[in-house]
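Everything on this sheet refers to the single structure shown next.
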Amino acid sequence: MNRARIFLKRILTPVTILLVPHGGTRSVSIRIPVVAIATSVCLFLIGTVFVVAVSVRVVEYHRMQERLSIISAQFLEMKGTILSLKQAEKDFRKLFSLKSKSAVLESSSPGDTGSLDMEVLKEQIDAAMQSVSDIRRYIAGQKDIFLATPVGWPVAGTLSSPYGYRNHPVYEERKFHTGVDISVPSGSEVKATANGIVSFAGWTENSGIVVVAEHGHGFSTAYAHNRKALVRVGQRVARGDVIAMSGSTGVSTGPHVHYEIWRNGRHTDPVVFLARR
């Protein structure tokens, strides 16, 4: 009991704080119990610890916000990439009639912890997009070759003279026939067999009115003995466009179309290309 009284007496014992101004005014004394001073010190320490803890939390919060922004930007970038990949997938499904290539997007599965390795996924999607781009370029190149390759008959008629050596019907001597003759009524529509640009359209002494088209990839075609040319030099033509009206001009025994195909500077048998579709 006496110890408690002594303890209470000590902590309640006031401490005088004297404030002495530098001027001529009177000094001020403040009496504060020891317990009040101890309480103030404790509150100050607690407040300091609290402020430090809050400051650490604020720093961590800003770091998390920055990380979240980076992750969000990566997701937005990959979302655009995935949309492009899906669009490319639709295009190829139309071209090849294949099933969905969803395995590309599922190639990186979540790990045991449920996290997603975004860098690995991004690399795999970039690789897939590069592959898609390569396939697109390949298809574009193959399409150009296809459009430049003569396909089908330039006119609906009957094959009357094949490619190769023959007895010339006018000169009556054995000569090499560099094309094929297709018998048709005069005035029939003569059509281009491939996309290209007209390089000649006019009169020649032996072949009459001739139309020549350059198609690229080494291909050229010629259509001779026409009654009239319907195109001019430099004009672009597409496969199936009417370029002339058939006739019997030049050295000819009757209305027909002399059709030639040149490949890499050498004439070739058109029969192989007539059978194509």
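What follows is calculated from the coordinates using simple rules that are stated; it is not laboratory data. Note that the coordinates shown come from a computational prediction; the quantities given were computed from them, not determined experimentally. Ideal geometry is used to build each Cβ from the backbone, glycine not excepted, and the neighbour counts take in all protein chains shown.
Computed values, structure above
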{"quantity": "Unmet criterion (only one of (1) in a loop (DSSP other than H, G, I, E, B); (2) farther than 13 Å from Y259 by Cα; (3) not acidic (D, E)) for T193", "calculated": "(2)"}
{"quantity": "Test: residue in the range 185-195 that is out of contact with any Phe, Trp or Tyr (no Cβ under 6 Å at 6 or more places or on another chain) and farther than 19 Å from L159 by Cα", "calculated": "yes"}
{"quantity": "Some residue of the range 219-234 being on the phi > 0 side of the Ramachandran plot, surrounded by 20 or more Cβ atoms within 10 Å (Cβ to Cβ) and part of a strand (DSSP E or B)", "calculated": "yes"}
{"quantity": "Any hit, the range 261-273, residues being surrounded by 14 or more Cβ atoms within 10 Å (Cβ to Cβ), assigned to a loop (DSSP other than H, G, I, E, B), in contact with a Phe, Trp or Tyr (Cβ under 7 Å, 6 or more places away or on another chain) and of a type outside the set (A, V, I, L, M, F, W, C)", "calculated": "yes"}
{"quantity": "Given (1) exposed (fewer than 15 other Cβ atoms within 10 Å of the Cβ); (2) under 30 Å from Q87 (Cβ atoms); (3) in contact (Cβ under 8 Å) with a residue 24 or more places away in the chain; (4) not hydrophobic (A, V, I, L, M, F, W, C), number of the condition G164 does not satisfy", "calculated": "(2)"}
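Residue-wise test of (1) in contact with a strand residue (DSSP E or B) (Cβ under 6 Å, 6 or more places away or on another chain); (2) among the aliphatic types (A, V, I, L, M).
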site	(1), (2)
S199	yes, no
E205	no, no
G218	yes, no
H256	yes, no
D269	no, no
A275	no, yes
